[in-house]
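First up is the structure itself, then whatever we jot down about it.
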Amino acid sequence: MTRRLMEGSEAMAEAAIAAGCRFFAGYPMTPFTELLEGFAKRLPESGGACINAESELEAVGMAWGAVATGARAATGSTGQGLSLMQESFSEITRAELPLVIFNMARGQGDYYQSTRGGGHGDYRHIVLAPADAQEAVELTQLAFDLADRWRNPVLIYGDYLIAHANESVDITPRTYPPLPPKDWAVDGTLGGSGESRTVNPLGVDKKSLGIDPEGLWNRLQEKHERIECEEVRVETGFTEDAELVVVAFGSVGRFVRHVVREMRADGLKVGFVRPITLWPFPSEAVAAAAHAAGRVAVLEQNAGQMIDDVRLAVLGAAPVVAIGGISTDRSGFGVGDLLNPAAVRGRIEGALSTGGNFR
Amino acid sequence: MSDILPTSAPPSVPAKKIAGFKPDLLMKENHNLCPGCGEPVALRKLLEAIEAVGAQERTIGVIGIGCYTSFGSGIDVDLVQALHGRAPSVATGVKRMRPETLVFTLQGDGDMVNEGLQEVIHTAARGESVTCVLLNNGVFGETGGHMTATTVLGQRTKNSLEGRDAGYHGYPILIGDLLAQLEGTAYAARGSVHDAASVMATGRMLRRALETQEKGLGFSFVEVLTMCPTGWFIPTAEGPDYLDKVMGSVHTVGELKRKAHD
Ligand SMILES: Cc1ncc(C[n+]2csc(CCOP(=O)(O)OP(=O)(O)O)c2C)c(N)n1
Ligand code: SF4
Ligand SMILES: [Mg+2]
């Protein structure tokens, strides 16, 4: 294991390439730009290609074409750019293509966008939310494995801090269990007629007489239910005897973990749950912690989005209160006053002191 | 032009197949496009051109959304189905990962010139080594005959009922001429399928475009004017003439650019 001090974006690009990513396309936007730069610098020397696309629409289209050939490929932006890509995301999911998507978000206001899907139709993306650069490296590598395993897009929810902070990371390639062969990809060799293939979002093959949307959607739903059972990832701390459990994800989750440890050292009975997969959401872990503690606080850097999933998990068994909120400096890049241990502690102590009355 | 059989009454003698026009790279005998549609003819010439350059075992096609989309499950080369307007960027990703293959897109005028204009322009400007094929019938055929960016002045469509009026609807885009101006474009041509000679000439253009790609000269483009009697609201038999005289007088047929070709 070798650790290096690196900027998060650069580390994520390197991790993706170490995981076999050979194609990337994107359009600059803060705080995603450095990730694009990382790919632009390193992909050509690894035998791949990185294209500075004309817009996010073209970026996702190019990545779509690349994954259709069986290559590992990714695209990304901030939530704004991802808004432009949503039509393609829906259809790429329906075409069951293993695309990896990076959202280097401006704060946490894109929780709904990533977990509900901003596009049309019934679909889900696996959403991984790292709390720091090292976890971002690990989840980047995992993302390519999960995408291939499930033939489903995987989205990594990063942010300004993860993108720009320099941290010590280890980018040794991980190994995973063997994957199924890509017997659906097109390489051009099967025409006339080695039984040519078609990669499409309609669920048809070359022998199909028409389309069967209901059949396709039911098959996808069944797959998504299996993902929900098998791919939940979560970190919990001090939940056994906590009187208040705080739920937070991403960089905010990192602050909460730190503050909860400090408060524990001061004898305060708080715990935390940090969802690592935002979808599938770790409902069981949240419910168990809520039952034990009897009170739940959600600290997220938005007007209240993940709190819906927390409430669905808790199902009325414990009061759930929002202690986060919109917090950004004048840059608008999502680094506000809330990203500060003292501020986080203030919010958690406030929730603790209100006793059981959370209204 | 030879006499056209009346279509108002059933034929007195059953139809008889006089020649096989199905290219080897088409797996189905029948299609469900309208009688008199020009798209199947253009597609046939494209598939024949792929065979002519001997690329059937190293070709990947990317198909847009329009009437021709229903051929997707019948064409015997590897395919990727793209969204409306997005085929050129998808083709770019395909080509970059599989540089040894022949990559083409198949798009309509609504798909390429309306929804995805920026895609094809940038793909050409990058000199991307792909061949984009446009089936230009001057309407959204699939949705039932609506105006597109290539609809000619005076043409009646469902949303230009009194005919396309420059003052109200603006002017048509001559996409082939526009793409020909770009440095990255190595080959650009506009063909038609309104009679046998134009069909043959279109076949030669498609072949030259594919050869341009094979030689790695840059982006190649063939626009094929196709009949859409349904979307033009005219009798099927009048389609070829309308194509030649009305569309063809604005979108003029011929080679538009041939850069460093043999
Ligand atoms: C984003 C999007 N908008 C609209 C449509 C609906 N739509 C399907 S086909 C089509 C028009 C196709 O016209 P063209 O590309 O000229 O092909 P043609 O049918 O004439 O062959 C439209 C508008 C769509 N599929 N996707
Ligand atoms: S509507 Fe027009 S383009 Fe579509 S199949 Fe009919 S004739 Fe062809
Ligand atoms: Mg059309």
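For segment A:236-354, a crude dipole built from +1 on the beta carbon of Lys and Arg and -1 on the beta carbon of Asp and Glu, taken about the Cα centre, is about 160 debye to the nearest 20. Which pairs in the list A:206/B:95; B:22/B:215; B:28/B:257; A:182/A:206; B:22/B:95; A:207/B:45 are over 25 Å apart, alpha-carbon to alpha-carbon? With Cα atoms farther than 25 Å apart: B:22/B:215; B:28/B:257; B:22/B:95. If both residues of a DSSP beta bridge must be in segment B:1-142, then about 5% of such bridges are antiparallel.
Its alpha carbons considered, segment B:31-154 gives a radius of gyration followed by a Dmax of 14.1, 45 Å. Relative to the first principal axis of the alpha-carbon coordinates of chain A, what is the inclination of helix A:33-42, with its axis defined by its Cα atoms, in degrees from 0 to 90 and to the nearest 10? Its long axis makes an angle of about 50 degrees.
For the protein assembly as shown, a Kirkwood hydrodynamic radius built from all Cα pairs, placed in the Stokes-Einstein relation at 37 °C and 0.692 mPa s, yields a translational diffusion coefficient of 125 µm²/s. Taking A:78, A:175 and ordering them by how much accessible surface each has at a 1.4 Å probe, largest first, produces A:175, A:78. Residue by residue, segment A:21-31 carries 3J(HN,Hα) couplings of 5, 10, 9, 9, 9, x, 9, x, 6, 5, x Hz when phi is fed to the Karplus relation 6.51 cos²θ - 1.76 cosθ + 1.60 (θ = phi - 60°); x denotes Gly or Pro.
Annotation for segment A:137-245: trypsin sites (Lys or Arg not before Pro) lying in DSSP loop with at most 10 further Cβ atoms inside 10 Å of their Cβ are A:207. Counting other Cβ atoms within 10 Å, which trypsin sites (Lys or Arg not before Pro) in segment A:271-332 have at most 14 and lie in a DSSP loop? Loop-located and lightly packed - A:330. Amide H contacts of residue A:126 (H built 1.01 Å from N, in plane; Pro and chain starts excluded): A:155 sit under 5 Å, all sequence-distant by 5 or more or on other chains. May I ask for the Rg/Rh ratio of segment B:117-262, computed from Cα atoms with Rh as the Kirkwood radius, given to two decimals? Checking Rg against Rh, the ratio lands at 0.99. Taking other residues whose beta carbon is less than 13 angstrom from the beta carbon of residue A:78, and scoring Lys, Arg as +1 and Asp, Glu as -1, yields -3. Taking Lys and Arg as +1 and Asp and Glu as -1, the other residues whose beta-carbon sits under 10 Å from that of residue A:305 total -3.
The antiparallel fraction among DSSP beta bridges confined to chain B stands at about 25%. What is the antiparallel percent of DSSP beta bridges lying wholly in the protein assembly as shown, to the nearest 5? Counting only bridges with both partners in the protein assembly as shown, antiparallel ones make up about 25 percent. Axis angle, to the nearest 10 degrees, between helix A:341-353 and the longest C-alpha principal axis of chain A: 60 degrees. Here the Karplus relation 6.51 cos²θ - 1.76 cosθ + 1.60, evaluated at θ = phi - 60°, turns the backbone of segment A:308-322 into coupling constants of 4, 5, 5, 5, 5, 6, 7, 6, x, 6, 8, x, 10, 10, 8 Hz, with x for every Gly and Pro. In terms of accessible area, using a 1.4 Å probe and ignoring ligands and nucleic acids, B:51, A:135, A:300, A:222 rank largest first as A:222, B:51, A:135, A:300.
The packing ranking, built from the mean of other Cβ atoms within 10 Å per residue, places the peptides A:70-76, A:92-98 in the order A:70-76, A:92-98, highest first. If you wrap the tightest convex hull around every Cα atom of chain B and split its volume per residue, you get 124 Å³. Residues considered: A:304, A:210, A:119. Largest GNM mean-square fluctuation over chain A, using C-alpha springs under 10 Å, is found at A:210.
Karplus-derived 3J(HN,Hα) values for segment B:48-59, using 6.51 cos²θ - 1.76 cosθ + 1.60 with θ = phi - 60°, are 5, 5, 4, 5, 4, 8, x, 10, 4, 9, 8, 10 Hz; glycine and proline are entered as x. In this Cβ point-charge picture (+1 for Lys and Arg, -1 for Asp and Glu), segment A:187-287 has a dipole of about 320 debye about its Cα centre. Among B:50, B:185, A:67, which residue has its Cα furthest toward the positive end of the charge dipole of the protein assembly as shown, with +1 on Lys/Arg Cβ and -1 on Asp/Glu Cβ? Toward the positive end, the furthest listed residue is B:50.
Annotation: Cα Rg of segment A:3-170 relative to the compact-globule expectation 2.2 N^0.38 Å equals 0.90. In the neighborhood of residue A:252, defined by Cβ-to-Cβ distances under 14 Å, what is the net charge if each Lys or Arg adds +1 and each Asp or Glu adds -1? Surrounding charge for residue A:252 is -1.
Over chain A, accessible surface divided per residue gives 38 Å², non-protein components excluded, 1.4 Å probe.
Projecting the Cα atoms of A:194, A:204, B:20 onto the charge dipole of the protein assembly as shown, computed from C-beta unit charges around the Cα centre, puts B:20 farthest toward the positive end. Taking Cα atoms only, the orientation of helix A:79-94 departs from the longest principal axis of chain A by about 50 degrees.
Surface composition of chain A: carbon and sulfur make up 51 percent of the accessible area, probe 1.4 Å. Can you classify segment A:241-359 as rounded, prolate or oblate using the Cα gyration tensor, where a ≥ b ≥ c are the square roots of its eigenvalues, rounded means a/c under 1.5, and otherwise it's prolate if a/b beats b/c and oblate if not? Verdict is oblate for segment A:241-359.
Relative to the Cα centre, the charge distribution of the protein assembly as shown, modelled as +1 at Lys and Arg Cβ and -1 at Asp and Glu Cβ, gives a dipole magnitude of about 220 debye. Separation of segment B:140-157 from segment A:152-231 is 37 Å, based on Cα centroids. Once B binds A, the 1.4 Å probe can no longer reach about 2800 Å² of accessible area, counting both sides.
Counting only residues at least eight positions apart within a chain, or on another chain, the aspartates and glutamates with an alpha carbon under 20 Å from that of residue B:259 are B:128, B:177, B:183, B:211, B:214, B:223. Across B:110, B:216, B:191, mean-square fluctuation computed from a Gaussian network of chain B (C-alpha pairs under 10 Å connected) peaks at B:216.
The values are calculated or read from the model by the stated rules, or taken from the named source; none is laboratory data. As the structure is a prediction and not an experimental result, all values here were calculated from the model. Ideal geometry is used to build each Cβ from the backbone, glycine not excepted, and the neighbour counts take in all protein chains shown. Accessible surface areas use protein heavy atoms only, side chains included; no ligands, DNA or RNA. Shrake-Rupley method; radii C 1.70, N 1.55, O 1.52, S 1.80 Å.
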